[in-house]
1. So Ala107 passes all but one of these: (1) hydrophobic (A, V, I, L, M, F, W, C); (2) modelled with pLDDT under 95; (3) not in a loop (DSSP other than H, G, I, E, B). Which condition number does it fail?
2. Among the numbered criteria (1) touching a residue at least 60 places away in the same chain (Cβ under 8 Å); (2) of a type outside the set (D, E, K, R); (3) surrounded by fewer than 19 Cβ atoms within 10 Å (Cβ to Cβ), which single criterion is violated by Leu372?
3. Among the candidates Glu386, Glu329, which residue alone is farther than 27 Å from Thr196 by Cβ, open to solvent by 30 Å² or more (accessible area, probe 1.4 Å) and within 23 Å of the chain's Cα centre (by Cα)?
4. Can you tell me which residue in the stretch 118-134 is most open to solvent (accessible area, probe 1.4 Å), limited to those that are under 14 Å from Ala157 (Cα atoms) and at pLDDT below 95?
5. Conditions: (1) β-branched (Val, Ile, Thr); (2) touching a strand residue (DSSP E or B) at 6+ places or on another chain (Cβ under 8 Å); (3) in contact (Cβ under 8 Å) with a residue 40 or more places away in the chain. Thr29 meets all but one. Number of the miss?
6. Collect the residues in the stretch 185-201 that are open to solvent by less than 40 Å² (accessible area, probe 1.4 Å) and either part of a helix (DSSP H, G or I) or hydrophobic (A, V, I, L, M, F, W, C) (or both), keeping them in residue-number order.
7. Please go through the stretch 379-396 and give me each residue that is touching a strand residue (DSSP E or B) at 6+ places or on another chain (Cβ under 6 Å) and either closer than 15 Å to Gly254 by Cα or part of a helix (DSSP H, G or I) (or both), ordered by number.
8. Kindly indicate which of Glu337, Glu244, Glu261 is at pLDDT 90 or above, within 30 Å of Lys188 (Cα to Cα), out of contact with any Ser or Thr (no Cβ under 7 Å at 6 or more places or on another chain) and not in a helix (DSSP H, G or I).
Amino acid sequence: MALIVQKYGGTSVGTLERIQAVADRVIRTQQAGHQVVVVVSAMSGETNRLLGMANELDENASEREKDVLVSTGEQVTIALLSIALQQKGCNAVSMTGDQVRMHTDDAHGKARITDIDDKNLRHELDQGKVVVVAGFQGRSPDNHITTLGRGGSDTTAVAIAAAVKADECQIYTDVDGVYTTDPRVEPKARRLKSITFEEMLEMASLGAKVLQIRAVEFAGKYNVPLRVLSSFDEGEGTLISYEEQKMESPVISGIAFNRDEASLTILGVPDKPSVAASILAPIGDANIDVDMIIQNSMGDGTADFTFTVHRNDYKRAKLLLQETAQKLEAREVQGREDLAKISIVGVGMMNHPGVAKTMFETFGDEGINMQLISTSEIKVSVVVDEKYLELGVRALHSAFGLEQS
């Protein structure tokens, strides 16, 4: 008998019919001899509806009260799913984050889990019950309801799986696994049977939307095997684990991309060790994430400094950079908003030289100019004109043979 944690997102529980279907799947899992904990999100669109009402009353509403409000979305879902399970003859019980004793810090709207006391969960499981848990929520040290931010139900599921030492944490979504790239861009994309935590973390951070980065980080830290499955179709999904690297593992596991890149360049800054800190400190203080960074020495005592940000942060970052340019007596500030990032990811590339060469030759053959390049042991990322994104993804997918089984 295994202990399984299953998580179902908003689209999976978006209607009463979908909730019934989830109940049937949960019952099949229990009838196979497993103990089951189910973590659910609010019904699709419910969180936005609740926040919309709060904003109508006050656009600057208290973060604490908004947490109290939106946490009710998951409470509705756990009750409905438990009712559906009980109606089908399954002994089930619903539990809020507080009842589970999901302890968090006090950062309303983006709280982090600090501890889970699994005593209550264990008690219900030992009674032979399916436990239906509200995702996305916990309780702060001051006894306030907190929420974990968008995608927090994934993190809830992984945290519970770690606390109860589950054999597997199954994340049910509207896709049937992790693909070599987005099938909407490359129809030949192939579902992966397995992928490592390191690869999945890179894929998630580089733009793949299948799993939240925090959930992957948590699973990797506590070695919780994750499996991504479809709540609409049967299948084995994709297993994410610390599986040992096989000798014949593919060089590249997948291609991730982000359409929302923007770059900023400050020209003619003093070429000295402190300049990078002077440039990036105001950006960091404004809570703007910086991605790729390149500094070029011009040989005349000055340097050009380039970095990328999310397109939503471009205008704010540019204003800050212009202020910095005046202080540093830089020559000019330049920027572009029409960029995209394409990344190849794979632990196999650590043992295969020439991966970057293949990538660059492929882009050269397609006439795609690379604006910026960044590398690590398991990824190579390039920034290109956004108009070349889909062409670049498809060309790389073919060049690395990712459509092959």
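1. Checking Ala107 against (1) hydrophobic (A, V, I, L, M, F, W, C); (2) modelled with pLDDT under 95; (3) not in a loop (DSSP other than H, G, I, E, B), the one that fails is (3).
2. Against the list (1) touching a residue at least 60 places away in the same chain (Cβ under 8 Å); (2) of a type outside the set (D, E, K, R); (3) surrounded by fewer than 19 Cβ atoms within 10 Å (Cβ to Cβ), Leu372 comes up short only on (3).
3. Criteria check complete, one pass: Glu386.
4. Asp118
5. Status for Thr29: all satisfied but (3).
6. Those that are open to solvent by less than 40 Å² (accessible area, probe 1.4 Å) and either part of a helix (DSSP H, G or I) or hydrophobic (A, V, I, L, M, F, W, C) (or both): Val185, Ala189, Leu192, Ile195, Phe197, Glu199, Met200.
7. Answer for the stretch 379-396, where residues must be touching a strand residue (DSSP E or B) at 6+ places or on another chain (Cβ under 6 Å) and either closer than 15 Å to Gly254 by Cα or part of a helix (DSSP H, G or I) (or both): Lys379, Val380, Ser381, Val382, Glu386, Leu389, Gly392, Val393, Leu396.
8. Glu337
The values are calculated or read from the model by the stated rules, or taken from the named source; none is laboratory data. Remember, predicted model here, so these are calculated numbers, not experimental data. Note that we place each Cβ from the backbone using ideal geometry, even for glycine, and neighbour counts take in every protein chain shown. Accessible surface areas use protein heavy atoms only, side chains included; no ligands, DNA or RNA. Shrake-Rupley method; radii C 1.70, N 1.55, O 1.52, S 1.80 Å.
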